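Let me begin by presenting the structure, written as structure tokens, before commenting on it.
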Amino acid sequence: MPYIREILTDGHPTLRRVAKRVNPKEIREPLFQQLIDDMFETMYAAPGVGLAAPQINVSKRLFVMDVHDDEHEPAVVINPKIEELGEEIELREGCLSVPGLVGEIVRFKRAAVSGLDRHGEKIRIEGEGLLAQCLQHEIDHLNGALYIDRAKNLRPAVTDEEKETAEA
Ligand code: ZN
């Protein structure tokens, strides 16, 4: 049974560590499969559109994501490599590890990641909008970065629009 893990908040050292690559042989192990299930459970409970392993105090390079659109299935990506594509745009952003705040950040409009899925098979996800934003946000987590490091106009989420900002 999957269970909900505690989400670390800003100030915890694991959020600032560069996460380690996953040994592909580890992926099929029951404990690793449990980790993936727990990450989905934790993301949906939050609720969030993405969650990176360091956010639950596991310093490994994987994240889960579900942006709830028709084109993209919920996905886990292990050892992701990102390609940032298209022009840069300014977006409102929030983070499950920085509760209650939003700010504006410059991101690439389009992005793709390639990596391994939960069976150790190669996958690639590409898109724009919230999907691209989420991919870049999760990769930052794996590198020990938080959006607040370079966000502008960081503020408490007060308006409905601000409160509805997707978190990951
Ligand atoms: Zn985050």
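The values are calculated or read from the model by the stated rules, or taken from the named source; none is laboratory data. Since we're looking at a predicted model, the values are computed, not measured. Quick reminder, even Gly has a Cβ in these numbers, built from the backbone with ideal geometry, and neighbours come from all protein chains shown. These area figures cover heavy atoms from the full protein model, side chains too; ligands, DNA and RNA do not enter into them. Shrake-Rupley method; radii C 1.70, N 1.55, O 1.52, S 1.80 Å.
Among the residues of region 146-168, those identified as polar (S, T, N, Q) and either out of contact with any Gly (no Cβ under 6 Å at 6 or more places or on another chain) or in a strand (DSSP E or B) (or both) are N153, T159. Restricting attention to region 12-48, the residues that are open to solvent by less than 40 Å² (accessible area, probe 1.4 Å), within 16 Å of the ligand (Cβ to nearest atom) and either under 13 Å from K60 (Cβ atoms) or modelled with pLDDT under 95 (or both) total 3.
Under 26 Å from E6 (Cα atoms), open to solvent by 60 Å² or more (accessible area, probe 1.4 Å) and among the aromatic types (F, W, Y) - does that describe any residue in region 62-82? No - not one qualifying residue is present in region 62-82.
Give the residues of region 6-31 that are touching a Leu at 6+ places or on another chain (Cβ under 9 Å) and either closer than 24 Å to G120 by Cα or not aliphatic (A, V, I, L, M) (or both), sorted by residue number.
T9, D10, T14, R16, V18, A19, V22, P24, I27
Only residues that are closer than 25 Å to K20 by Cα and of a type outside the set (K, R): list them for region 86-107, please. Talk me through it step by step, then tell me what you get.
The initial filter retains those residues of region 86-107 that are closer than 25 Å to K20 by Cα, namely 94-98, 107.
Scanning region 86-107 gives G94, C95, L96, S97, V98.
Given the criteria within 15 Å of the ligand (Cβ to nearest atom) and of a type in the set (A, V, I, L, M), does I78 qualify? For I78, the condition - within 15 Å of the ligand (Cβ to nearest atom) and of a type in the set (A, V, I, L, M) - is not met.
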